[in-house]
Amino acid sequence: MVYSYTQISQYLRCPRSYRYRYLDGWREKDTRAAMVFGRCFEQALSAYFHRQDPAAALFKEWGAYRDAALDYPKGHSWDKTLHQGVHLLHKFAQDDRIHIRQPKKNLQLKMTQSLANGAEFVAYIDAIGELDGERYLIDWKTTTSRYSQEPAGLLALDPQLVCYSWISGISEVALVVFVRKNWPEIQYLKASIAEEQRKEFGELVHSAVEQIESGRFLPHSGIRFPQNGCTSCSHLGLCLNNQPLIDTNLIRRPGASDLDWLDELVD
Ligand code: SF4
């Protein structure tokens, strides 16, 4: 059995949702424009570090979805998303704060960690490189709203960064946030993950895997703020036995968990 950050975080959010997705094969339909654009933007960044034209790479990748029936947030469109992406790529090149040596080796690095009972944890690290001349493990995110930086040290509590620090053993991590808003912005956020946090994350993974392998999938339902997870859950139709909602949001594709790490590219 292979586990990823997305799997563990989905189990911790709601074990029933985990069962629907990873055991029964109910996946959210890939129609979220933000998710698809995040993957295309990742390809454009890769082109940038390989000294190719990133805007052309973005146009090529995103161009494949020009006429696709994607779900855009209010006020967004294919054109607008493309322009924001190109603007962000220009700004990224102008800033010139990140350098990746040997991009073939240091982009999209696969890292693994053995777990009990022959299971394995797999993570794909976006990059290991230099930010402002210092070595960092780097995670890219595309989003439509800025990440909060206050109070100081908040970023070190991001579980995905803690996970990547745990699996790589690298304490200095950075989140590069490409904010697609009217005036696009890039946030270069740095954090230091402590040894204790890495150890605790390892324990969290082991305990979640133990529960998964014992077949414990009780629902963590919630509809009231702030634990209102059901209202945005793609598996809501299954819990409500509502066929139209199932047909709208889900597709059944057993055994498709090998690509779930792609969800980690965007918010
Ligand atoms: S709708 Fe609620 S209870 Fe059902 S899987 Fe989703 S989060 Fe869990």
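Here are some notes:
- Within straight-line cross-link reach of K29, lysines at Cα separation under 20 Å, skipping those fewer than 8 residues along the same chain: K74
- Whole-percent carbon and sulfur share, accessible surface of the chain, 1.4 Å: 51 percent
- Dipole magnitude (debye, nearest 20) for the chain, charges at Cβ of Lys, Arg, Asp, Glu: 560 debye
- Between the residues L88, C40, Y20, the greatest Cα displacement towards the positive end of the dipole of region 1-103, with unit charges on the Cβ of Lys, Arg, Asp and Glu, is found for Y20.
- All aspartates and glutamates inside 17 Å of K190 as judged from Cα atoms, apart from same-chain residues fewer than 8 positions distant: D95, D96, D126, E130, D132, E134, D139, E150, D158, E172
- Accessible area per residue, Å², region 1-100 with all protein chains present, probe 1.4 Å: 49 Å²
- Farthest toward positive dipole pole in the chain [+1 Lys/Arg, -1 Asp/Glu at C-beta], among Y136, V177, Q102: V177
- Listed residues T112, A194, F225: farthest to the positive end of the dipole of the chain (Cβ charges): F225
- Dipole moment magnitude, nearest 20 debye, region 167-225 about Cα centre, only Lys, Arg, Asp, Glu C-beta charged: 420 debye
The values are calculated or read from the model by the stated rules, or taken from the named source; none is laboratory data. Since the model is a prediction, treat every value here as computed from it, not as a measurement. In this analysis, Cβ positions are derived from the backbone assuming ideal geometry, glycine residues included, and neighbour counts consider all displayed protein chains. Areas reflect the complete protein model, heavy atoms only, side chains present, ligands, DNA and RNA absent. Shrake-Rupley method; radii C 1.70, N 1.55, O 1.52, S 1.80 Å.
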